[in-house]
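To keep things clear, I will list the structure first and then write my remarks on it.
The values are calculated or read from the model by the stated rules, or taken from the named source; none is laboratory data. What you see is a predicted model, and the numbers here were worked out from it, not measured in a lab. Here Cβ is always computed from backbone atoms with ideal geometry, including for glycine, and neighbour counts include all displayed protein chains. Protein only, heavy atoms only, side chains kept; ligands, DNA and RNA dropped before computing areas. Shrake-Rupley method; radii C 1.70, N 1.55, O 1.52, S 1.80 Å.
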Amino acid sequence: MLRRGSTRRWRWRTKKELIDVLVELARDDRNVLRQLDARFELEAPPQELAVATRQAIADATDFDERDINRNFSYDYAAYDAVKRNLSRLVSLGQLRLAMELSLELMDQGSYQVAMSDEGLMTDDIEECLKVVIQALRKCDLPASELLAWCRGMLKKDRVGFICEEQLKALQADLEASGSK
């Protein structure tokens, strides 16, 4: 604690040291960590990104069961983190991991939509999923694997309309290209 009139000398730190300290402190507060990540684009290996994405999905889709059939608040920043992390995984070539996480988002997110009054978070969920759907249109994964993923996504959708058009279009394109 500094007293009035006292002087204290500060030792200069490098930017890296300051960021490392901020990240260390932010590990106790996911919201702070997400803000730092969004601002500084912190690097992380795919498995660490997957863990962070699963946590962001849990935070984004969390709601109080007592608020069912109401327009409850939800964590917009967590949905932004999910989208950002899925984009990173795609850019790292981790499509299968992004596909797996998308299935989890569809399951938990569509439940959240089903339990809300007007499904206000639908657009946020779709923005996250479109990142993966667009990447899959350009990838070289086997069509059978992509078709199975599309079917899984449609099956996990508890409300029957989240990215339905995009998923069915991808599925139809894959089926048409497989019949050539």
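Residue pairs whose Cβ atoms lie under 8 Å apart, sitting 6 or more positions apart in sequence or on different chains, and linking a residue in segment 157-180 that is at pLDDT 95 or above to a partner that is exposed (fewer than 14 other Cβ atoms within 10 Å of the Cβ) and not small (Gly, Ala, Ser), are Leu170/Arg137; Gln171/Arg151; Asp173/Arg137. Glu65 meets all of the listed conditions (1) modelled with pLDDT of 75 or more; (2) more than 18 Å from Asp107 (Cβ to Cβ); (3) exposed (fewer than 12 other Cβ atoms within 10 Å of the Cβ) but one, namely (2).
Condition check ((1) open to solvent by 30 Å² or more (accessible area, probe 1.4 Å); (2) touching a Phe, Trp or Tyr at 6+ places or on another chain (Cβ under 6 Å); (3) under 26 Å from Glu43 (Cα atoms)) across all residues:
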position: Ser73; (1), (2), (3): yes, no, no
position: Tyr79; (1), (2), (3): no, no, yes
position: Leu103; (1), (2), (3): yes, no, yes
position: Leu129; (1), (2), (3): no, no, yes
position: Ile133; (1), (2), (3): no, no, yes
position: Glu145; (1), (2), (3): yes, no, no
position: Cys163; (1), (2), (3): no, no, no
position: Ala172; (1), (2), (3): yes, no, no
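Checked against (1) of a type in the set (Asp, Glu); (2) over 25 Å from Asp75 (Cβ atoms); (3) in a helix (DSSP H, G or I), Asp140 passes all but a single condition, namely (3). Checking Glu175, Glu118 one by one, the residue that is in a helix (DSSP H, G or I) and of a type in the set (Asp, Glu) is Glu175 and no other.
So which residues in segment 105-119 are open to solvent by 20 Å² or more (accessible area, probe 1.4 Å) and over 17 Å from the mean Cα position of the chain (by Cα)?
The initial filter retains those residues of segment 105-119 that are open to solvent by 20 Å² or more (accessible area, probe 1.4 Å), namely 107-108, 111, 114-115, 117-118.
Selection gives Ala114, Met115, Asp117, Glu118.
In segment 128-141, the residues that are over 10 Å from Met99 (Cβ atoms) form Cβ pairs under 7 Å with partners that are of a type in the set (Ser, Thr, Tyr) and open to solvent by 30 Å² or more (accessible area, probe 1.4 Å), at six or more places apart or across chains, as follows: Val131/Ser87.
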